[in-house]
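Asker: Got a structure for you, questions after.
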Amino acid sequence: MSKDGSKPSHIRNDAGIPEAFLKPYNPAEEELKTRALWDESGYANPDKMIADGLTAPDAEPYSIVLPPPNVTGTLHMGHAAMLAIEDILIRYARMNGKKTLWIPGTDSAAIATQAKVETDIYKKEKQTRYDLGREELMKRIDEFTEESKATIINQVRTMGASLDWSRYAYTLDETRYKAVMEAFVRMYDAGLIYRGNRIVNWDPKLQTTVSDDEIEYLEQKDPFYYFKYGPFVIGTVRPETKFGDKYVVMHPNDERYAGYKHGQTIDLEWINGPITATVIKDEAANMDVGSGVMTITPAHSGVDFEIAQRHGLDIEQVIDERGILLPIAGEFAGQHIKKARSLIVEKLTAKGLVEKIDENYVHNVATNSRGGGLIEPQIKKQWFVAVNKEFTISHSEMSGIPTGTMTTLKKLMRHVVETQQVKIAPERFEKIYYHWIDNLRDWNISRQIWFGHRIPVWYRSDEVYCGTEAPGGDGWEQDPDVLDTWFSSGIWTISTLGWPEETADLKTFHPTAVLETGYDILFFWVARMVLMSGFLVGQVPFKQVYLHGLVRDGQGRKMSKSLGNIIDPLDMISKYGADATRLSLIIGAAPGMDIKLSEDRVRGYKHFANKLWNITRFVLESTHDIDVDAKLSETDAKLVTEAHELVKNASKNIDAFRLDLAADEIYHFVWDRFAAEIIEESKPILKEPGEARASRQRMLHKILIISLKALHPFMPYVTEAVWQKLPQKDAELLMVAKWPK
RNA sequence: GCGCUUUUAGCUCAGUUGGUUAGAGCGUUCGAUUCACAUUCGAAAGGUCUCAGGUUCGAAUCCUGAAAGGCGCACCA
């Protein structure tokens, strides 16, 4: 308000421009309206685009599957970055006339979800899953997922993501369940899935196995004990595992122990009395560590298990699935390992077998990153995918691996990246991918939880049956385990398109164009999709992988609850708008590099949205009497060309996945060139009626249109909202307008 | 241990194939602004481009080495 109480002079409407422009851009209001418009149009669905003549029926397909967020989760900045990047690619492809499809979905996240629900139930009712029973627990989980599914879906929508919701998929819905069963059966029939006793990562807290990749190593300080073991000294942080240790291992070239022969036995005094130890010479013993001698616990250590297998040694379980010592521990049997440790050390001290104790030993302990506890390796009968086993590929469209060739899953995964049938951006991740493959062991896919895809195998005394449906006849019992969540995720590109049915979608949209995700799940997911898709449909799942960085706080720290530095995307959206939130996650974020995000950045881009709003207001005010046939002066034509050049360059950057550079360029053109220079220069010209003015009006209008189109993939809401208020335009919705060329 | 990655203004980062006086945003200082702008516009200050060598007419950019952060994998008796 001005001093005399009248309206400030800028709030006026003498040019008859839309009312909305008289106020600053209001994201909350405009975003809601704009989203409704997009939803009504149905143009996220490529079929509708073709039906309405907006996409040519024979146009090049362009598809992306959304990495499905966990059903039970809420939107975080990582999701927001992913949605922003993929929506940019999708909107850009759509505006370029491609047959564009972006498939939404959610993931059941077996372990994480069940762990969460179990924890909640225990907190409220002090009941465990065994108290409730399988059926009741599943019911509770279903209720919980149904409820939170709506939450995550709505949050995804607020970002402005132009996903085709008519094709929404959930990893546990009927179609996807069937696909997972089919995938298992086919791999089983090909001999690529087997059941075997192997050492696995056991989580005593969640009572399930966990895959190698889901293990997170944490530093921990524990005492390190040196014990007298006959004539030797052995070291350990885990005295509680030592009951069964009856092999003493040393390097064959270790001269200190040249006098001991492989297979020689030695009688010695141990925790619960005299034992006979056998000398084993194996190169796994490191001469430089401690005394160079170690005892092994094959049942509870991966490395020890391998040594035992090499030499055909006895393997005895010492600790049970809940972390309780077994009868082999003698007087300590029945105790929990946590409590037993100090008692064992006490006893060894009393027996004079403790050489020394290093109190401040820092080492890594394995934990389950999916909300579980400390990992205890155990030998268990589990299901595995054989990655090194040769098989004949029954159908293949991949070059270099023709139908009928003998290959292995590992070779397949390597080959398609080596031959660039799958490109990875940034390129450096290819090396990391190869390294991972080279170290890959058979993949443990069974989990001892209840929520998930149940293993389609039935047993009846000695019979084993594997099939998508239960076998006929009485007495069959289904395997109680469910599949690793990444098994179902591995077929995501094909299951979302309707596989194993030979759907039109599958034919048109597979392989997908791009798989876009954070680099942290390159192994979990990207590599597994290549494996599964290669075997099941003989195609790569995607032609291009684009890996974005992790979103960190302004100081580069990981966002976490304990640091209290979490920036909530929904919070940013409500304060500054979805467009500003998107831009803050795009500009300055080079591929594969972590993004440092601070609220200031988001605020800055809100100003830009408002700038665009006011540019439009100015142009509309100045062009209310535009002559659309006016001839452009040479200067004005040059300015239009300049805008086109800018878009051309930005397009190149988008094609090369440098969205950060593209967005930055357009941003600067619009603000510094268009608003600060071109519009400023135009003001005097627009005051004088005549040819120069008519030309200026057309030029301003043209550049506005180009700017809106070029910005649309990056900030879809404000550009569409503005577009809707333009009197002259070449498409009803900016979303389906043609990309300027 | 193996590998990747980062280091450019007070802060966050651009700088794509080597090419005039190295750029932007934020911040700081000064100024303008009733006439598109819950602001905007203009200007200033601020950099031995981590360090040491090398290639070159010319290096922030290419090569070698070092230092300091970050990350992954492996080891962890």
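Asker: Pull up the range A:322-374, narrow it to residues that are charged (D, E, K, R) and away from RNA strand B (no atom under 16 Å from the Cβ), then point me to the one that is surrounded by the most Cβ atoms within 10 Å (Cβ to Cβ).
Answerer: My answer is A:K347.
Asker: Go through the range A:421-437 and give me each residue that's open to solvent by 80 Å² or more (accessible area, probe 1.4 Å) and either modelled with pLDDT of 85 or more or closer than 23 Å to A:N368 by Cα (or both).
Answerer: From the range A:421-437, those open to solvent by 80 Å² or more (accessible area, probe 1.4 Å) are A:423, A:427-428, A:431, A:435; that's our starting set.
Of everything in the range A:421-437, those that are open to solvent by 80 Å² or more (accessible area, probe 1.4 Å) and either modelled with pLDDT of 85 or more or closer than 23 Å to A:N368 by Cα (or both) turn out to be A:K423, A:H435.
Asker: Now for a different question. Would you please name the residue that is nearest to A:I344 (Cα to Cα), looking only at residues in the range A:249-270 that are touching a Phe, Trp or Tyr at 6+ places or on another chain (Cβ under 9 Å) and within 13 Å of RNA strand B (Cβ to nearest atom)?
Answerer: By that ranking, first place goes to A:M250.
Asker: Of the conditions (1) more than 10 Å from RNA strand B (Cβ to nearest atom); (2) of a type in the set (S, T, Y); (3) open to solvent by 10 Å² or more (accessible area, probe 1.4 Å); (4) in a helix (DSSP H, G or I), A:S560 satisfies every one except a single condition; which number is it?
Answerer: Condition (4) is where A:S560 drops out.
Asker: Could you grab me the full set of residues in the range A:627-652 that are among the acidic types (D, E), under 16 Å from A:R698 (Cα atoms), in a helix (DSSP H, G or I) and open to solvent by 40 Å² or more (accessible area, probe 1.4 Å)?
Answerer: Selection gives A:E634, A:E642.
Let's see how each residue does on (1) among the β-branched types (V, I, T); (2) under 18 Å from the mean Cα position of the chain (by Cα):
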| residue | (1), (2) |
| --- | --- |
| A:P480 | no, no |
| A:T485 | yes, yes |
| A:W499 | no, no |
| A:T512 | yes, yes |
| A:M532 | no, yes |
| A:K543 | no, yes |
| A:H548 | no, yes |
| A:R582 | no, no |
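Asker: So which residues in the range A:194-218 are more than 9 Å from RNA strand B (Cβ to nearest atom), under 25 Å from the mean Cα position of the chain (by Cα), over 18 Å from A:D320 (Cβ atoms) and open to solvent by 20 Å² or more (accessible area, probe 1.4 Å)?
Answerer: Passing the criteria: only A:L218.
Asker: Can you find, within the range A:643-667, the residue that is farthest from A:V545 (Cα to Cα) among those that are free of Cβ contacts under 8 Å to residues at least 24 places away in the same chain and more than 10 Å from RNA strand B (Cβ to nearest atom)?
Answerer: The extreme case among them is A:E645.
Asker: Could you tell me whether A:H624 is closer than 30 Å to A:A20 by Cβ, within 15 Å of RNA strand B (Cβ to nearest atom) and touching a residue at least 60 places away in the same chain (Cβ under 8 Å)?
Answerer: For A:H624, the condition - closer than 30 Å to A:A20 by Cβ, within 15 Å of RNA strand B (Cβ to nearest atom) and touching a residue at least 60 places away in the same chain (Cβ under 8 Å) - is met.
Asker: A further question follows. Restricting attention to the range A:163-176, which residues are crowded, with 20+ Cβ neighbours inside 10 Å and closer than 28 Å to A:P713 by Cβ?
Answerer: A:L163, A:D164, A:R167, A:A169
Asker: Right, here's the next one. Quick check on the range A:132-143. Is at least one of its residues within 28 Å of A:H76 (Cβ to Cβ), open to solvent by 10 Å² or more (accessible area, probe 1.4 Å) and in contact (Cβ under 8 Å) with a residue 60 or more places away in the chain?
Answerer: The answer is yes, given that some residue of the range A:132-143 is within 28 Å of A:H76 (Cβ to Cβ), open to solvent by 10 Å² or more (accessible area, probe 1.4 Å) and in contact (Cβ under 8 Å) with a residue 60 or more places away in the chain.
Asker: Here's another thing I want to ask about it. What are the pairs, 6+ residues apart or on separate chains, where a residue within the range A:668-689 that is touching a residue at least 40 places away in the same chain (Cβ under 8 Å) has its Cβ under 7 Å from a residue that is near RNA strand B (Cβ under 7 Å from one of its atoms) and of a type in the set (F, W, Y)?
Answerer: Hits for this filter: A:I679/A:F618.
Asker: Quickly run through the range A:705-718 and pick out the residues that are part of a helix (DSSP H, G or I) and surrounded by 24 or more Cβ atoms within 10 Å (Cβ to Cβ).
Answerer: A:S707, A:L708, A:A710, A:L711, A:P716, A:Y717, A:V718
Asker: Ok, one more. Go through the residues of the range A:594-611 one by one and say whether even a single one is outside any helix (DSSP H, G or I), within 13 Å of RNA strand B (Cβ to nearest atom) and buried (at least 22 other Cβ atoms within 10 Å of the Cβ).
Answerer: The initial filter retains those residues of the range A:594-611 that are outside any helix (DSSP H, G or I), namely A:594-598.
Adding the requirement that they be within 13 Å of RNA strand B (Cβ to nearest atom) leaves A:594-598.
Now restrict to residues that are buried (at least 22 other Cβ atoms within 10 Å of the Cβ): A:595, A:597.
Taking every residue of the range A:594-611 in turn, at least one turns out to be outside any helix (DSSP H, G or I), within 13 Å of RNA strand B (Cβ to nearest atom) and buried (at least 22 other Cβ atoms within 10 Å of the Cβ).
Asker: Kindly indicate whether A:V365 is under 26 Å from A:R176 (Cβ atoms) and touching a strand residue (DSSP E or B) at 6+ places or on another chain (Cβ under 9 Å).
Answerer: Spelling it out, it is not the case that A:V365 is under 26 Å from A:R176 (Cβ atoms) and touching a strand residue (DSSP E or B) at 6+ places or on another chain (Cβ under 9 Å).
Asker: Then there's this: Could you grab me the full set of residues in the range A:571-593 that are in a helix (DSSP H, G or I) and open to solvent by less than 60 Å² (accessible area, probe 1.4 Å)?
Answerer: A:M572, A:I573, A:Y576, A:A578, A:D579, A:A580, A:T581, A:R582, A:L583, A:S584, A:L585, A:I586
Asker: So which residues in the range A:296-321 are open to solvent by 10 Å² or more (accessible area, probe 1.4 Å), touching a residue at least 40 places away in the same chain (Cβ under 8 Å) and either in a strand (DSSP E or B) or near RNA strand B (Cβ under 8 Å from one of its atoms) (or both)?
Answerer: A:S301, A:G302
Asker: I'm trying to understand the selection: among the residues of the range A:31-90, which are over 21 Å from A:F509 (Cα atoms), surrounded by fewer than 20 Cβ atoms within 10 Å (Cβ to Cβ), touching a residue at least 24 places away in the same chain (Cβ under 8 Å) and aliphatic (A, V, I, L, M)?
Answerer: A:L37 - this is the single residue of the range A:31-90 that is over 21 Å from A:F509 (Cα atoms), surrounded by fewer than 20 Cβ atoms within 10 Å (Cβ to Cβ), touching a residue at least 24 places away in the same chain (Cβ under 8 Å) and aliphatic (A, V, I, L, M).
Asker: One residue is enough: does the range A:279-292 have a residue meeting the conditions within 22 Å of A:I344 (Cβ to Cβ), exposed (fewer than 13 other Cβ atoms within 10 Å of the Cβ) and not hydrophobic (A, V, I, L, M, F, W, C)?
Answerer: Checked the range A:279-292: no residue is within 22 Å of A:I344 (Cβ to Cβ), exposed (fewer than 13 other Cβ atoms within 10 Å of the Cβ) and not hydrophobic (A, V, I, L, M, F, W, C).
Asker: Let me ask another. Please name all residue pairs, on different chains or six or more residues apart, with Cβ atoms under 8 Å, provided the first residue is in the range A:596-616 and is β-branched (V, I, T) and the second residue is open to solvent by 50 Å² or more (accessible area, probe 1.4 Å).
Answerer: A:V602/A:K575
Asker: If we keep just the residues of the range A:653-691 that are of a type outside the set (A, V, I, L, M) and part of a loop (DSSP other than H, G, I, E, B), which is least open to solvent (accessible area, probe 1.4 Å)?
Answerer: Taking the range A:653-691 first, the residues of a type outside the set (A, V, I, L, M) are A:653, A:655, A:657-658, A:660, A:664-665, A:667-669, A:671-674, A:677, A:680-684, A:687-691.
In the following step, the residues that additionally are part of a loop (DSSP other than H, G, I, E, B) were identified as A:657-658, A:688-690.
Numbers: A:F657: 26, A:R658: 76, A:E688: 125, A:P689: 112, A:G690: 44 Å².
Checking each candidate, the answer is A:F657.
The values are calculated or read from the model by the stated rules, or taken from the named source; none is laboratory data. Since we're looking at a predicted model, the values are computed, not measured. Using ideal geometry, Cβ is built from the backbone for each residue, glycine included, and neighbour counts are taken over all protein chains shown. These area figures cover heavy atoms from the full protein model, side chains too; ligands, DNA and RNA do not enter into them. Shrake-Rupley method; radii C 1.70, N 1.55, O 1.52, S 1.80 Å.
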